[in-house]
Amino acid sequence: MDAVGQVRAGARTSFGGQSMTSTLRAVMVRQPAPTVGGDEWQSFGYTRAIRQAETMREHREFVDLLVANGVDVITAGPDPVGHLDAIFAYDPSLMTNRGAILLRPGKDLRRDEPALHRATYQELGIPIIGEIQAPGTVEGGDTLWLDEHTLAVGRGYRTNSEGIRQLTEILLPLGVQVLVYDLPHWNGAGECLHLMSMISPVADNVAVVYSRMMAVAFVEWLEDAGWTLIEMPESEFDSMGCNVLALGEGKVIIANRNPETSALLQAAGLTVLEYQGDHISHNRQGGPTCLTRPIFRAS
């Protein structure tokens, strides 16, 4: 990688860290793909047409914020024209201590994205230890590490039982237990609801949550395990107040328009960093976690 983390052939990088909250050392982001220029934003479920110049500016500022806080940013892409959701690097793959797992998105428009991640991992010298095959589907937004040996997975419209079965089998040699929780119907298959739409770990055994959408069994597991749950306000669910990226060392990143959630996080002793996400997040309904694929987290 060069000084700004641009992927280049023959690069090597450290990888691993089965955690959501240990110090983020390296992360992959994907530059916003060019638009076709028509009304394709509607098929992706966005709220309005893409404004590419503003999107690129916000994405650069988001990357700058990560770099300013000590994160090595691996910038891949831009991806092929029309791959508008590829900006959400969290979903097409999962990183483990032994290498990457290529997932298979449940959204048809995203089926090409794991191949983009494969190419990036090959350039970085990161092994690929497994791949979800049809008819299985798994999206990264339905997965989160509860600890080094426990992965929570949400079963819903984007992640199905067959995909979870395959993922569990891939993770078994790593000694990882997969806990499965059903997601609510919410607004149906046409809108994206991930497990991480309702929970974001922000520090060791601390998470911001929207508990009214969570499975009872999941809430009980967290409480029994001694987690502190910070309940975000109802008014900031649509602005993705529950989508928070932990950088480690007491720092988190959140999208603008979430002042109450930011205040709750600060009251919990965290340093809250805000980015302007009108075009890369709010329009597309994907927060800072969605925009990043952690490559290496370390204590």
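Couple of notes before you dig in:
- Selection over segment 108-137 of residues that are within 26 Å of GLY45 (Cα to Cα) and in contact (Cβ under 8 Å) with a residue 40 or more places away in the chain gives a count of 3.
- Enumeration of residues in segment 119-172 that are in contact with a Cys (Cβ under 8 Å, 6 or more places away or on another chain) and either aliphatic (A, V, I, L, M) or assigned to a helix (DSSP H, G or I) (or both): GLY141
Matching residues to (1) under 14 Å from LEU144 (Cβ atoms); (2) at pLDDT 95 or above; (3) part of a loop (DSSP other than H, G, I, E, B):
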| position | (1), (2), (3) |
| --- | --- |
| VAL208 | yes, yes, no |
| ILE230 | no, yes, no |
| ILE253 | no, yes, no |
| ILE280 | no, yes, no |
| CYS290 | yes, yes, yes |
| PRO294 | yes, yes, no |
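- Filter result (surrounded by 18 or more Cβ atoms within 10 Å (Cβ to Cβ) and either closer than 15 Å to THR137 by Cβ or more than 20 Å from the chain's Cα centre (by Cα) (or both)) within segment 175-199: VAL180, LEU183, CYS192, LEU193, HIS194, LEU195
- Some residue of segment 245-265 being basic (Lys, Arg), under 21 Å from TYR157 (Cα atoms) and crowded, with 18+ Cβ neighbours inside 10 Å: no
- Positions within segment 19-40 being under 18 Å from ASP72 (Cβ atoms) and not in a loop (DSSP other than H, G, I, E, B), in sequence order: THR23, LEU24, ARG25, ALA26, VAL27, MET28, VAL29, ARG30
- Candidates LEU116, LEU103, LEU84 - the one that is under 22 Å from HIS59 (Cα atoms) and touching a Gly at 6+ places or on another chain (Cβ under 9 Å): LEU116
- Residues in segment 9-41 that are within 29 Å of LEU144 (Cα to Cα) and either hydroxyl-bearing (Ser, Thr, Tyr) or modelled with pLDDT under 95 (or both): 9 in all.
- When we screen LEU146, LEU102 for residues that are crowded, with 16+ Cβ neighbours inside 10 Å, within 19 Å of THR289 (Cα to Cα) and free of Cβ contacts under 8 Å to residues at least 40 places away in the same chain, the only hit is LEU102.
- Condition broken by MET232, with the remaining ones in (1) surrounded by fewer than 16 Cβ atoms within 10 Å (Cβ to Cβ); (2) in contact with a Cys (Cβ under 6 Å, 6 or more places away or on another chain) satisfied: (1)
The values are calculated or read from the model by the stated rules, or taken from the named source; none is laboratory data. Treat the numbers as computed from the prediction; the structure is a model and nothing was measured. Glycine gets a Cβ as well: all are built from the backbone with ideal geometry, and neighbour counts include every protein chain shown.
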